1. Would it be correct to say that residue 196 is touching a residue at least 24 places away in the same chain (Cβ under 8 Å), buried (at least 23 other Cβ atoms within 10 Å of the Cβ), part of a strand (DSSP E or B) and not polar (S, T, N, Q)?
2. Are there any helices (runs of 4 or more DSSP H) wholly within segment 45-145 with 2 or more residues that are at pLDDT 95 or above and polar (S, T, N, Q), and if so which?
3. For segment 374-411, what are the residues that are of a type in the set (Val, Ile, Thr), in contact with an Asp or Glu (Cβ under 9 Å, 6 or more places away or on another chain) and over 20 Å from residue 151 (Cβ atoms)?
4. Can you name the residue in segment 382-410 that is under 25 Å from residue 114 (Cα atoms) and open to solvent by less than 10 Å² (accessible area, probe 1.4 Å) and is also farthest from the chain's Cα centre (by Cα) among such residues?
5. In segment 301-343, what residues are basic (Lys, Arg) and more than 30 Å from residue 243 (Cα to Cα)?
6. Tell me yes or no: at least one residue of segment 117-140 is closer than 25 Å to residue 405 by Cβ and small (Gly, Ala, Ser).
7. When segment 1-36 is examined, which residues are found to be assigned to a loop (DSSP other than H, G, I, E, B) and open to solvent by 70 Å² or more (accessible area, probe 1.4 Å)?
8. Which residues, counting only those in segment 213-229, are closer than 12 Å to residue 57 by Cα and open to solvent by 40 Å² or more (accessible area, probe 1.4 Å)?
Amino acid sequence: MKIGDVSFWYADMGLPETRRPPLSGDTSVDVAIIGAGFTGLWTAWYLMQEKPDLKVLVIEKEFAGFGASGRNGGWCMGTFAWKHDAYAAATSREAVLEMVKDLEATVPEITAVCAAEGIDADIIPSEEMMVATTPAQLQRMKEEIAHRRAWGDGHRARELTPQEVAQRIHIPGVLGAMVVSGMARVQPAKLVRGLAEAVERKGATIVEGTEVFSYDAGRVTTNRGVVRAPIILRCTEGFTAGIKGHKRDWLPLNSAQIATVPLPPEAWAKIGWDGHELIGDMKNAYCYCQRTREGRITVGARGVPYKFASQMDRNGAPDAETIRRLTAILHEHFPEAAKYPIDHAWCGVIGVPRDWCATVGLDRDTGLGWAGGYVGVGVSTSNLAGRTLADLALGRETRITRHPWVNRRVRQWEPEPLRWLGVHLMYKLLALADRREARLRGKPSRFGALGNWITGRH
């Protein structure tokens with residue numbers, strides 16, 4: 001089994017053989033973007049699309065797509081993670097409903113850009129299927145469908161009976177499932193690499209191997225020189241804590257995945273899954289799975305959720321206990337896969353704001369902007385964030401710059417050891433809730449609600 005090496009997605013396509021040149025010294029540009037993941041690259045793409053003569057520089061510490069953009073589960077969803085009420089409280093219900101529409105439109109937008117730019121990212125239009133295997137999960141699933149219907153997503157969400165689930169996929173003990181339409185499965189590393197090349201074709205510059213130490217109005221300080229720009233956009237998502245002055249802005253929450261070897265046709269004949277649905281479950285500590293282009297199963301979930309003082313993993317390498325937990329989930333939902341070995345295991349971080357609400361913003365006085373905090377739905381959400389940042393940077397007032405997440409600010413996370421204790425306690429309570437729900441076969445456990453309340457997740 002291969003451990004780390006950034007992610008399986010790069011093993012699938014190969015790590016970059018050569019890196020883009022680093023910054024060659026002090027320079028001046030119109031827009032400096034920190035971070036060459038989905039957010040930074042989409043921002044650059046839309047800036048160059050709207051104003052081709054703009055001088056845009058994207059600054060990356062490792063290589064384009066090194067972070068969550070090249071490590072995620074490949075779920076292109078076009079939906080909120082949650083927290084509709086929080087956005088509405090600061091603006092209005094109508095404003096949230098408008099944003100829901102624009103998030104839904106990100107999936108066809110990404111697909112269209114890939115077609116226009118010749119990006120082969122293994123995109124397959126599909127649906128999300130969240131299965132329930134206990135009465136508590138079934139109740140949570142019904143509540144989630146009702147929630148989506150209340151917030152403008154009802155036309156996409158519907159309930160399946162156990163028999164309807166079995167017609168698509170064979171998962172033991174299924175009591176029902178929520179299906180959400182209008183989604184797509186992607187190979188994320190292919191998408192981010194293709195997007196980086198598209199950005200360069202449009203005239204923007206990407207420098208790699210260039211670490212940003214700090215930034216303030218008009219100035220980005222790196223290990224390779226100083227970049228001066230009237231507009232500076234921070235697009236660092238889970239890596240934000242590594243920049244001076246931003247240690248507690250967003251918590252880098254760890255998520256890990258495994259990938260099986262390609263399964264033979266006889267295994268798929270027993271599993272089903274011909275529609276390449278994005279499969280998850282309604283546990284408190286949920287999982288997310290994909291059937292890949294070449295017939296592997298990937299399974300993702302939280303392992304060790306957070307490292308003390310916002311420390312990062314080493315090149316995507318998860319610990320042995322996390323791999324064991326993920327393998328147990330694989331065998332629980334897909335027992336036929338237990339006959340075949342795990343081929344790769346990796347991990348990465350997502351950015352989590354204190355209120356679990358993604359934000360996009362630009363301070364017009366300082367020229368400093370930011371986007372991120374996607375809490376696990378960044379593949380599609382980053383597209384809308386990039387378009388919004390581009391409009392803000394160009395000084396445009398548009399439909400999307402009026403969305404509730406624009407210029408939303410929240411308090412920082414608590415200092416250590418409080419945030420480490422809080423996050424670890426939350427996930428212990430979620431795991432306890434799942435065990436009780438499986439054993440007692442009753443209503444949702446209060447331990448799950450308590451765990452979410454501790455960190456403001458719900």
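The values are calculated or read from the model by the stated rules, or taken from the named source; none is laboratory data. These numbers come from a predicted model, not from an experiment. Glycine also receives a Cβ, built like all others from the backbone with ideal geometry; neighbour counts cover every protein chain displayed. We work out accessible area using only protein heavy atoms, side chains counted, and drop any ligands, DNA or RNA first. Shrake-Rupley method; radii C 1.70, N 1.55, O 1.52, S 1.80 Å.
1. Considered against the rule, which asks whether it is touching a residue at least 24 places away in the same chain (Cβ under 8 Å), buried (at least 23 other Cβ atoms within 10 Å of the Cβ), part of a strand (DSSP E or B) and not polar (S, T, N, Q), residue 196 comes out as no.
2. Qualifying helices (runs of 4 or more DSSP H): 106-117.
3. 398, 401, 410
4. 390
5. Listed by number, the residues that qualify are 324, 325, 339.
6. The answer is no; no qualifying residue exists.
7. 1, 15, 17, 18, 19, 21, 24, 26
8. 228
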